[in-house]
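In what follows, a single structure is set out as structure tokens and then discussed.
None of the figures in this text is laboratory data; all of them are computed from the coordinates on show. Note that this is a predicted model, so its numbers are computed, not measured. All Cβ positions, even for glycine, are placed from backbone atoms using ideal geometry, and neighbour counts span all protein chains on display.
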Amino acid sequence: MLRFGIPMENGRLSPHFGHAPQVALVDADPETRNVLKTELWQAPPHAHGVLPRFMKHHGVEVVIAGGIGGGAATLLAEEGIALMAGAPVDTPENLVKAYFDGTLVTGAASCGCGGHGHADDHGHGCHH
């Protein structure tokens, strides 16, 4: 079994890792490439390092994320969690299927704000 952690908002991937209100924990069989179970959890309150530790505590091996700050990406790496960043907004099941199919499109990991409290290129306040 392989466990994925996907930050969620309104049933789809959240574009901002640390600000996602929910986290999908998706268990999948790498041999059959089938999703076995998806659980939706309330995300912990936003604070430095909390979401990477949450992922580690819940046995996540791969995080599929949209925008993510460098600090969070580093913490995931230190916890031994693989990161697929810059993924498109989609359902957790579709993202995991794309991961296994080798068609998961990833891009820039940064949400582009360059630091705490600045507006990102979507006009949102960005905090890592």
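Tabulated data
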item: For T32, net neighbour charge (Lys/Arg +1, Asp/Glu -1) across residues whose Cβ lies under 15 Å away; result: -2
item: Mean separation of Cα contacts under 8 Å, 6 or more apart, over the residue count of region 2-109: relative contact order %; result: 29 percent
item: Relative packing of 33-44, 93-104, which averages over residues the other C-beta atoms within 10 Å, highest first; result: 93-104, 33-44
item: log₁₀ of I(q)/I(0) at q = 0.22 Å⁻¹ - region 2-109, Debye sum with one point per alpha carbon; result: -1.20
item: All Cα pairs of region 60-104, percent lying beyond 18 Å; result: 27 percent
